[in-house]
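The structure is given below, and queries will be raised subsequently.
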Amino acid sequence: MSARSPLPNPIRAAFAAGEHEGTSIVSIGPSHPATHGTVQIIAELSGERILRTDVHCGYLHRGFEKECESHTWHNLIPYVDRLNYCSALINDFAYCDAVERLMGIKITPRCRYLRTLLAEYSRVADHLTCTAAMLMELGAMTAFLYLVMLRDYIYEHLAAVTGARVTYSFGRIGGLANDLPDGWLTRLEWILSEYDTFVGRVHGLIDRNRIFIDRMRDIGVLRTDEAINWGFTGPVLRSTGVPRDLRKDTPYLAYGELDFEVPVGINGDNYDRYYVRMREMDESVHMIRQLAGRLPPGPVSVDDRRCTLPPKHLVYTEIESLINHFKLIIDGPQVPAGEVYAAHEGANGELGFYLVSTGLGVPYKVHVRAPSFVHVGGIHRLLEGYQLADLVPTFGSVNMIGGECDR
């Protein structure tokens with residue numbers, strides 16, 4: 001019996017040897033702090049210049065989409081949280097919106113406003129995280145500490161309303177887990193005033209800093225046609241000059257009633273991606289203040305036994321409510337047969353859920369159009385042709401979140 005031939009080297013399989021003289025092929029990540037956990041970048045280098053890259057998103061071994069087929073519609077909310085864990089509430093609300101469309105549920109006015117407010121608050125936290133990490137990787141530690149301090153204020157404030165940190169599981173089909181606690185809006189205004197102060201300081205430190213501009217301007221350039229062809233959305237697409245934003249183009253929740261702008265860039269480079277996110281945070285704060293001043297009274301969940309858990313005091317004292325609670329927990333909401341696609345403007349771009357129901361308490365199929373998964377497919381266009389030292393800030397400017405790449 002002949003000896004088995006050795007398996008091909010995966011690094012050499014990506015780039016055949018001998019195509020260029022004097023080049024080297026290196027593997028960057030996944031065990032590298034700048035590649036955010038699971039990403040591997042196989043790069044062909046000529047000295048310090050990147051000629052070609054092959055980007056692999058890796059595996060989290062979670063199997064999100066397949067796992068959803070084994071749990072009730074309500075029980076998927078904690079799984080959804082962990083897609084983009086920097087702005088988990090947006091994930092919650094997009095998923096709940098998709099299920100509500102299948103069930104023909106119209107949420108209450110207060111829930112609609114609160115979901116919009118909390119989604120924008122989460123967007124600010126997400127952009128703070130991305131921008132702070134990118135600045136830290138360039139050595140701007142003071143700006144990093146300012147932004148992370150603000151993010152932690154927001155995390156603690158969201159924990160006060162949701163009871164959890166980072167992954168909140170706060171959305172409910174037909175509403176929210178609970179209403180705002182007393183004093184929450186007062187604390188919100190204080191945090192927003194701190195935001196104005198410290199983000200203003202970051203602008204003063206960074207925007208015209210010669211080192212920052214030299215490292216960011218005309219680096220990682222993405223043309224508009226390339227961005228569209230590769231499916232980029234969100235701040236990355238808008239940095240190329242395209243004012244595409246689902247909150248404006250296909251308004252949902254309370255966005256159609258708000259006054260806000262869609263910031264766009266000029267060159268589609270690292271600097272534009274930084275500045276678009278900084279401007280988007282300003283617009284989100286402007287929206288939050290509008291929403292806080294217009295919050296209508298009333299319940300935060302619909303009065304619908306098909307999906308809303310009855311109050312605890314009725315569960316303990318009334319047999320009908322006890323049975324209703326038991327059925328929703330054990331069997332799950334019975335979602336009418338059909339299919340739906342619902343898309344929200346996530347912090348990184350279009351976040352869409354495609355759901356298929358056969359009329360049972362568990363979904364037949366769940367697919368998520370996660371922006372990070374799409375972006376990893378085209379991120380090589382931002383890396384090739386630039387210096388090896390440019391790889392880290394360029395990768396950070398895209399804000400790839402590993403949870404969104406999981407399948």
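The values are calculated or read from the model by the stated rules, or taken from the named source; none is laboratory data. Just so it is clear, the structure is predicted and the values come from calculations on it, not from any experiment. We place every Cβ from the backbone using ideal geometry, glycine too, and count neighbours over all the protein chains shown.
Does any residue of region 328-338 turn out to be surrounded by 19 or more Cβ atoms within 10 Å (Cβ to Cβ), of a type outside the set (Asp, Glu), over 18 Å from GLU69 (Cβ atoms) and at pLDDT 95 or above?
Taking every residue of region 328-338 in turn, none turns out to be surrounded by 19 or more Cβ atoms within 10 Å (Cβ to Cβ), of a type outside the set (Asp, Glu), over 18 Å from GLU69 (Cβ atoms) and at pLDDT 95 or above.
Within region 292-318, can you find the residues that are within 28 Å of the chain's Cα centre (by Cα), surrounded by 13 or more Cβ atoms within 10 Å (Cβ to Cβ) and in a helix (DSSP H, G or I)?
ALA292, ARG294
If you check every pair at least six apart or on different chains, which have Cβ atoms under 7 Å apart with a residue in region 199-226 that is under 16 Å from ARG238 (Cα atoms) first and a residue that is among the basic types (Lys, Arg) second?
Filtered contacts from region 199-226: LEU222/ARG381; GLU226/ARG381.
Among ALA143, ALA125, ALA132, which is the only one that is within 22 Å of PRO181 (Cβ to Cβ), assigned to a helix (DSSP H, G or I) and out of contact with any Asp or Glu (no Cβ under 7 Å at 6 or more places or on another chain)?
ALA125
Going by the structure shown, is ALA125 touching a Cys at 6+ places or on another chain (Cβ under 8 Å) and either in contact (Cβ under 8 Å) with a residue 60 or more places away in the chain or not aromatic (Phe, Trp, Tyr) (or both)?
yes
Looking at region 381-403, which of the residues that are polar (S, T, N, Q) and part of a helix (DSSP H, G or I) is nearest to CYS130 (Cα to Cα)?
Filtering first and then ranking leaves SER397.
When the residues of region 177-191 are narrowed to those that are part of a loop (DSSP other than H, G, I, E, B) and on the phi < 0 side of the Ramachandran plot, which ends up surrounded by the fewest Cβ atoms within 10 Å (Cβ to Cβ)?
ASP182
Could you identify the single residue in LEU351, LEU360, LEU355 that is modelled with pLDDT under 95 and outside any helix (DSSP H, G or I)?
Matching residue, one of LEU351, LEU360, LEU355: LEU360.
Kindly provide the set of residues from region 93-122 that are surrounded by 24 or more Cβ atoms within 10 Å (Cβ to Cβ) and either among the acidic types (Asp, Glu) or free of Cβ contacts under 8 Å to residues at least 40 places away in the same chain (or both), ordered by number.
GLU120
So in region 363-380, with the set limited to residues that are part of a loop (DSSP other than H, G, I, E, B) and of a type outside the set (Ser, Thr, Tyr), which one is surrounded by the fewest Cβ atoms within 10 Å (Cβ to Cβ)?
PRO363
Hey, another quick one. Among the residues of region 25-57, count how many are of a type outside the set (A, V, I, L, M) and under 18 Å from the mean Cα position of the chain (by Cα).
Selection size over region 25-57: 5.
Pairs please, first residue from region 300-322 and β-branched (Val, Ile, Thr), second anywhere and loosely packed, with under 14 Cβ neighbours inside 10 Å, Cβ atoms under 8 Å, 6+ apart in sequence or on different chains.
VAL300/ASN178; VAL302/LYS106
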